[in-house]
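Just below is one structure, and these are the notes that go with it.
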Amino acid sequence: MLLQPFVENAINHGLFHRQDENGRLFINIEAGLNHSIVCVLEDNGVGRAEATAIRQQLNGNHRSRGLQITQERLNALQTVEGYKIDIEVTDLTDEEGKACGTRITLNIPEID
């Protein structure tokens with residue numbers, strides 16, 4: 001359930017707007033330090049800035065809230081249970097500095 005909003009955003013906002021059919025979404029889940037789990041989602045979509053510009057042109061004032069809601073859930077989990085799940089968002093660029101996707105890294109601690 002934690003990964004779903006990130007996968008959905010990658011597909012709907014990044015990969016959907018590519019001009020070709022070479023869109024890719026990589027999901028890697030592996031053991032981290034101290035029994036944590038590290039989840040990395042990486043797409044080669046249009047990037048967050050271009051996706052935002054496209055969304056504003058198409059939908060006017062509509063604002064996607066999926067990531068905000070996910071962050072609020074994670075904050076509640078930390079407050080109630082003490083589990084801190086770190087999320088890192090990286091805008092990927094090519095050699096010329098042009099946006100070429102997004103990487104999301106989640107570090108999930110061991111949960112009793």
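Just to check your reading of the model, which residue among L25, L33, L41, L2 is open to solvent by 50 Å² or more (accessible area, probe 1.4 Å), among the hydrophobic types (A, V, I, L, M, F, W, C) and in contact with a helix residue (DSSP H, G or I) (Cβ under 6 Å, 6 or more places away or on another chain)?
On the way: L33 fails: in contact with a helix residue (DSSP H, G or I) (Cβ under 6 Å, 6 or more places away or on another chain); L41 fails: open to solvent by 50 Å² or more (accessible area, probe 1.4 Å); L2 fails: in contact with a helix residue (DSSP H, G or I) (Cβ under 6 Å, 6 or more places away or on another chain).
Result: L25 is the single residue among L25, L33, L41, L2 that is open to solvent by 50 Å² or more (accessible area, probe 1.4 Å), among the hydrophobic types (A, V, I, L, M, F, W, C) and in contact with a helix residue (DSSP H, G or I) (Cβ under 6 Å, 6 or more places away or on another chain).
Look at E8 and say whether it is touching a residue at least 24 places away in the same chain (Cβ under 8 Å), open to solvent by 80 Å² or more (accessible area, probe 1.4 Å) and within 15 Å of the chain's Cα centre (by Cα).
Numbers: touching a residue at least 24 places away in the same chain (Cβ under 8 Å): yes; open to solvent by 80 Å² or more (accessible area, probe 1.4 Å): yes; within 15 Å of the chain's Cα centre (by Cα): yes.
It is true that E8 is touching a residue at least 24 places away in the same chain (Cβ under 8 Å), open to solvent by 80 Å² or more (accessible area, probe 1.4 Å) and within 15 Å of the chain's Cα centre (by Cα).
Going by the structure shown, is E88 open to solvent by 60 Å² or more (accessible area, probe 1.4 Å) and assigned to a helix (DSSP H, G or I)? Step through it out loud before you land on a result.
On the way: open to solvent by 60 Å² or more (accessible area, probe 1.4 Å): yes; assigned to a helix (DSSP H, G or I): no.
Considered against the rule, which asks whether it is open to solvent by 60 Å² or more (accessible area, probe 1.4 Å) and assigned to a helix (DSSP H, G or I), E88 comes out as no.
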| Residue within the stretch 14-21 that is surrounded by 16 or more Cβ atoms within 10 Å (Cβ to Cβ), in contact (Cβ under 8 Å) with a residue 12 or more places away in the chain and touching a helix residue (DSSP H, G or I) at 6+ places or on another chain (Cβ under 7 Å) present | yes
| Residues of the stretch 24-64 classified as within 17 Å of I11 (Cβ to Cβ) and assigned to a loop (DSSP other than H, G, I, E, B), total | 6
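Can you tell me which residue is surrounded by the fewest Cβ atoms within 10 Å (Cβ to Cβ) among those in the stretch 68-85 that are closer than 25 Å to V46 by Cα and in contact (Cβ under 8 Å) with a residue 24 or more places away in the chain? Walk me through it before giving the result.
In the first step, residues of the stretch 68-85 are kept if they are closer than 25 Å to V46 by Cα; the result is 68-71.
Now restrict to residues that are in contact (Cβ under 8 Å) with a residue 24 or more places away in the chain: 69-70.
Values: I69: 11, T70: 20.
Per the criteria, the residue is I69.
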| Residue among G101, G97 that is open to solvent by less than 70 Å² (accessible area, probe 1.4 Å), of a type outside the set (V, I, T), farther than 17 Å from M1 by Cβ and outside any strand (DSSP E or B) | G97
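The values are calculated or read from the model by the stated rules, or taken from the named source; none is laboratory data. Every value quoted in this text rests on a predicted model; they were computed, and no experiment measured them. Counting neighbours? That spans all protein chains shown, and the Cβs are built from the backbone with ideal geometry, glycine included. These area figures cover heavy atoms from the full protein model, side chains too; ligands, DNA and RNA do not enter into them. Shrake-Rupley method; radii C 1.70, N 1.55, O 1.52, S 1.80 Å.
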